[in-house]
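Since the structure comes first, as structure tokens, the remarks are kept for the end.
The values are calculated or read from the model by the stated rules, or taken from the named source; none is laboratory data. This one's a predicted model, so the numbers in the text were calculated from it and none came from an experiment. For neighbour counting, all protein chains shown are included, and Cβ atoms are generated from backbone atoms with ideal geometry for every residue, glycine included. These accessible areas exclude ligands, DNA and RNA; they are computed on the full protein's heavy atoms, side chains included. Shrake-Rupley method; radii C 1.70, N 1.55, O 1.52, S 1.80 Å.
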Amino acid sequence: ASHGFVICGPDTLNLFNGRDMADCINLLEREQADVTSPLNGILRDGPVGFFGHSMGGRGAAAAAAQVGKSSAAVVPMQAAPFYDTSRINSPIFFTAGSLDFITTPFAIRTTLYRGSNPPKMMATLGGAGHLNPVNFVGGQQFTPYVIAWFKLYIENMQQLRTLFWNASNPDSILNDPQMVRIDSVE
């Protein structure tokens, strides 16, 4: 929780429907209420975010749609395409890699990003393949933006808005030379 978030991930091979990921919220609520749990009394009630890569990215989107208003933000990294993202009413930040031939930027843009509701953003990292986000080097390229997205929309840290929506901020993702394409609607 070094960034103020508690991470809960399901132990499953079926992340496509998001059910197991959404069930993590119930698990955390039970742990919060259990006086014998180390999480008792330290979790705050409130909005949640969903994050996942590839199949987990699709599961994150599906989980956000299932929990509805409880979801404050979702980040599907290089997510498996072909999901009805119009059911998600949370700010959504898609990532893609320009050299990803498993979940191509075109597939993500046309089957996920275009149907999603604003605020939404899709950032395509130049030279990145499908596994870049999960290896040490690739993970570092998106990590600051993912953390900022969650802090902006879950913790309402409005000072972070310029990282995504203001090109005059030199630190904005809009000015990041590693990103070869940014699509966004605030």
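Here are the numbers for this structure:
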quantity	calculated
One residue from Ser86, Ser98 being among the hydroxyl-bearing types (Ser, Thr, Tyr) and either on the phi > 0 side of the Ramachandran plot or touching a residue at least 60 places away in the same chain (Cβ under 8 Å) (or both)	Ser98
Condition check for Ala65: farther than 20 Å from Ser172 by Cα, surrounded by 14 or more Cβ atoms within 10 Å (Cβ to Cβ) and touching a Lys or Arg at 6+ places or on another chain (Cβ under 6 Å)	yes
Residue satisfying all of: in segment 1-33; touching a strand residue (DSSP E or B) at 6+ places or on another chain (Cβ under 7 Å) and at pLDDT 80 or above; surrounded by the most Cβ atoms within 10 Å (Cβ to Cβ) among these	Met21
Scope segment 70-106; condition small (Gly, Ala, Ser) and touching a strand residue (DSSP E or B) at 6+ places or on another chain (Cβ under 9 Å); matching residues	Ser70, Ser71, Ala72, Ala73, Ala79, Ser90, Ala96, Gly97, Ser98
So Val48, is it buried (at least 22 other Cβ atoms within 10 Å of the Cβ) and at pLDDT below 90	yes
Condition met for Phe82 (over 11 Å from the mean Cα position of the chain (by Cα), of a type in the set (A, V, I, L, M, F, W, C) and either closer than 14 Å to Ser116 by Cα or not in a loop (DSSP other than H, G, I, E, B) (or both))	yes
Arg181, sole failed condition from (1) farther than 22 Å from Ser71 by Cβ; (2) out of contact with any Pro (no Cβ under 8 Å at 6 or more places or on another chain); (3) of a type outside the set (A, V, I, L, M)	(2)
Phe93 vs. criteria modelled with pLDDT of 90 or more, within 15 Å of the chain's Cα centre (by Cα) and closer than 13 Å to Met21 by Cβ	no
Filter pass, Thr36 being modelled with pLDDT of 85 or more and either among the small types (Gly, Ala, Ser) or open to solvent by 30 Å² or more (accessible area, probe 1.4 Å) (or both)	yes
Complete set of residues in segment 62-79 that are closer than 14 Å to Ile154 by Cα and in a strand (DSSP E or B)	Ser71, Ala72, Ala73, Val74, Val75
Any chance Gly59 is free of Cβ contacts under 8 Å to residues at least 60 places away in the same chain, touching an Asp or Glu at 6+ places or on another chain (Cβ under 8 Å) and closer than 17 Å to Leu28 by Cβ	yes
Cβ-Cβ under 7 Å pairs, at least 6 apart or on other chains, segment 162-186 side closer than 17 Å to Arg109 by Cβ, far side small (Gly, Ala, Ser) and not in a loop (DSSP other than H, G, I, E, B)	Ile173/Ala123; Met179/Ala123; Ile182/Ala123
